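Peer 1: Provided herewith is a single structure, encoded as structure tokens, for subsequent inquiry.
Every number here is computed from the coordinates shown, using simple stated rules; none is lab data. Only a predicted model underlies this, so the values are computations on that prediction, with no experimental measurement involved. Cβ sites come from the backbone with ideal geometry, for glycine too, and all protein chains shown count toward neighbours.
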Amino acid sequence: MAQESRLTLAGSISLGTGVMIGAGIFALVGQVAGFAGEWFPVAFLLGAVVAGVSSFSYIRYSRVNPSSGGIAMLLKDAYGPAVVAGTFSLFMYVSMVVAESLLARTFGTYLLRPFGLQDSVVLVPVLGIVAIVAAAAVNLVGNRLVEGSATITAVLKIVGIAVLAVAGLIGAALSGNGFLAEASGDSPDIMGLLAGTTLCVLAYKGFTTITNQGADLRDPEKNIGRSIIVSILICAVLYLLITLSVKSSIGAEGARQAQDYSLAEAAEPLFGPWGVGITVAVAVIATLSGLLASLYSVSRLYAMLQDMGQAPSLLKSVPHQPMLITAGLAIVTTAFLDLSQIASMGVFLYLTMDVVVQWGVLRRLRSKLEAKPWLPTATILLDTAILIPFTVLKVRHDPVTVVVAVAVAASIATAQFIVVRRRDRRTAAGDDRRAG
């Protein structure tokens, strides 16, 4: 690809923040408040810490081997082109598809909020599906349009969220309702805070899509790492501001009750209908741009898995297969799962994959990457420390989602075993024919 047609650093950051600043902040605040209580802003900061520590391994690998399938190639290098690499690469891929469904459903939820239809079991998924189709169509036009639109929408939503957050904090302070006004002074429920942090990781995990830009990014050895760090920092600041604003406006209980549209609910007491309208507009821009950026990056991961023989293909006559398959799977998930189920499944698959990635870096790639062992070790400990409380609470209150997540994981592993076994047999048969 010609250098001038490649993504710039600014374009890469726009795509990264485009994935991260979307459903993560608009849909998850209420769910996180349900776990962490009034400490939910802290949970979002802890999520940034977990993502930041985790990103070290991805950055180190991207410097050595930038490619369009960053995580898939990392797993292949660590575990070989067999069942383990294929299974957890697909864990990552499916978690990204699930995140796209989260974006799509959040788009539908917020767009319907002014009409009081945000809980519609029909209209929310229908609008989400329309959003996925539109984002896929734009992606098929080409990289420059994706980068250009991502840059514009990234600026709009960063400015929009920052203005809403700062205005909310100023309004709360002037009314004597600052973000510390309603603090109970109680110690946090550590179990709930850690479980809430687990969900918050979803609001940052979009940084992993940046690792898939290697083949399309200028000077990827340096710019992938820069893009990841800057994207996480931008999101951490915005998330802290907006969660403090929500806490000032409606408190943790109000956010929990509003659940999927807590930001719109928080805007109403301070700004009235205009505040709700502005919040809805920013949410629509954020989720659509997030879909645009995510489909761009995730389809490249699928293309890499196809090249590795670890993901199925359609008929050769069908063009743009990675994009069509990714969009199709996102549509199915959007149609049949609600926001809570989507978020839970995504975090189960992602954190499990991340532990395997970090172990591979620690035990098999450390010398090649010149990686410091304490960072992947710390990531494994952090991932485990937040995933266990989340799983325990989910088993208590929502066991069906846990069962579904386990079933999806088992199906992926079984399918990979069958695919790899057939691939190895074909390879062996070909070798025998050549030898004969």
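Peer 1: Give, in nm to one decimal, the length gained when the segment between L240 and L45 is fully stretched (0.36 nm per residue of separation minus the Cα-Cα distance).
Peer 2: Numbers: separation 195, 0.36 × 195 = 70.20 nm, distance 0.68 nm.
Result for the pair: 69.5 nm of gain on full extension.
Peer 1: With each pseudo-label sitting 7 Å past Cα toward Cβ, what's the L9-R425 distance in nm, one decimal?
Peer 2: Taking the simple label geometry, L9 and R425 are separated by 5.1 nm.
Peer 1: So how far apart, in nm, are the two label points at D338 and K222 if each is 7 Å from Cα heading toward Cβ?
Peer 2: Distance between label points: 5.0 nm.
Peer 1: For the range 119-128, in order, what is each residue's ³J(HN,Hα) by Karplus, 6.51 cos²θ - 1.76 cosθ + 1.60 with θ = phi - 60°, in whole Hz (x at glycine and Pro)?
Peer 2: After applying 6.51 cos²θ - 1.76 cosθ + 1.60, I find 9, 5, 7, 9, 5, 4, x, 4, 5, x Hz.
Peer 1: What's the ranking of 246-254, 388-396 by average number of surrounding C-beta atoms within 10 Å, highest first?
Peer 2: On the way: 246-254: 22.9, 388-396: 16.6.
Listed from highest to lowest mean packing, they are 246-254, 388-396.
Peer 1: Which entry in (i) 4, 14, 14, 9, 6, 7, 10, 11, 11, 8, 4, 2, 0; (ii) 4, 20, 28, 24, 15, 7, 1, 0; (iii) 5, 23, 33, 25, 10, 3, 1, 0, 0 is this structure's computed P(r) over Cα pairs in 10 Å bins from 0, in percent?
Peer 2: Answer by label: (iii).
Peer 1: Rounded, prolate or oblate for the range 304-431? Axes are the square roots of the Cα gyration tensor eigenvalues, ordered a ≥ b ≥ c, and the cut-off for rounded is a/c under 1.5.
Peer 2: On the way: a/c = 2.05, a/b = 1.15, b/c = 1.78.
Verdict is oblate for the range 304-431.
Peer 1: In percent, how large is the relative contact order of the chain, given Cα pairs closer than 8 Å and 6 or more residues apart? Please list the in-between numbers first.
Peer 2: Details: 740 pairs, mean separation 148.2, N = 436.
Value for the chain: 34 percent.
Peer 1: Let me ask you something else. Would you mind computing, in nm to one decimal, how far apart the modelled labels at L123 and A410 are, each placed 7 Å from Cα along Cα→Cβ?
Peer 2: 3.9
Peer 1: Using a Förster radius of 25 Å, what is the FRET efficiency between H320 and K368 based on their Cβ-Cβ separation? Nearest 0.05, please.
Peer 2: Numbers: r = 34 Å, r/R0 = 1.36.
That gives a FRET efficiency of 0.15.
Peer 1: I've got another one for you. Tell me which residues come under 5 Å, amide H to amide H, from L217 once H is placed; ignore anything under 5 positions away on its chain.
Peer 2: Those lying under 5 Å, H to H, from L217 are L7.
Peer 1: Of the options L46, T211, L369, report the single residue whose Cα projects farthest towards the positive end of the charge dipole of the range 3-425 (beta-carbon charges: Lys, Arg +1; Asp, Glu -1).
Peer 2: The listed residue farthest towards the positive side: L369.
Peer 1: Another question about this same structure. Taking θ as phi - 60°, what are the ³J(HN,Hα) couplings along the range 319-328 by the Karplus curve (6.51, -1.76, 1.60), each to the nearest whole Hz, with x for Gly and Pro?
Peer 2: Rounded to whole hertz, the list is x, 6, 4, x, 5, 5, 5, 4, 5, x.
Peer 1: List the chymotrypsin sites (Phe, Trp or Tyr not before Pro) within the range 55-97 that DSSP assigns to loop and that have no more than 12 neighbouring Cβ atoms inside 10 Å. Provide the component values of the computation, followed by the final result.
Peer 2: Working: sites: F56, Y58, Y61, Y79, F88, F91, Y93; in loops: none.
Sites meeting the loop and neighbour criteria: none at all.
Peer 1: Another one. Which of I380, V32, L111 sits farthest toward the positive end of the charge dipole of the range 3-425, with +1 on the Cβ of Lys and Arg and -1 on the Cβ of Asp and Glu?
Peer 2: The Cα lying farthest towards the positive end belongs to I380.
Peer 1: Okay, next question. On a C-alpha basis, how far is the centre of the range 223-245 from the centre of the range 95-134 in Å? Whole number, if you could?
Peer 2: So the separation of the two Cα centres works out to 24 Å.
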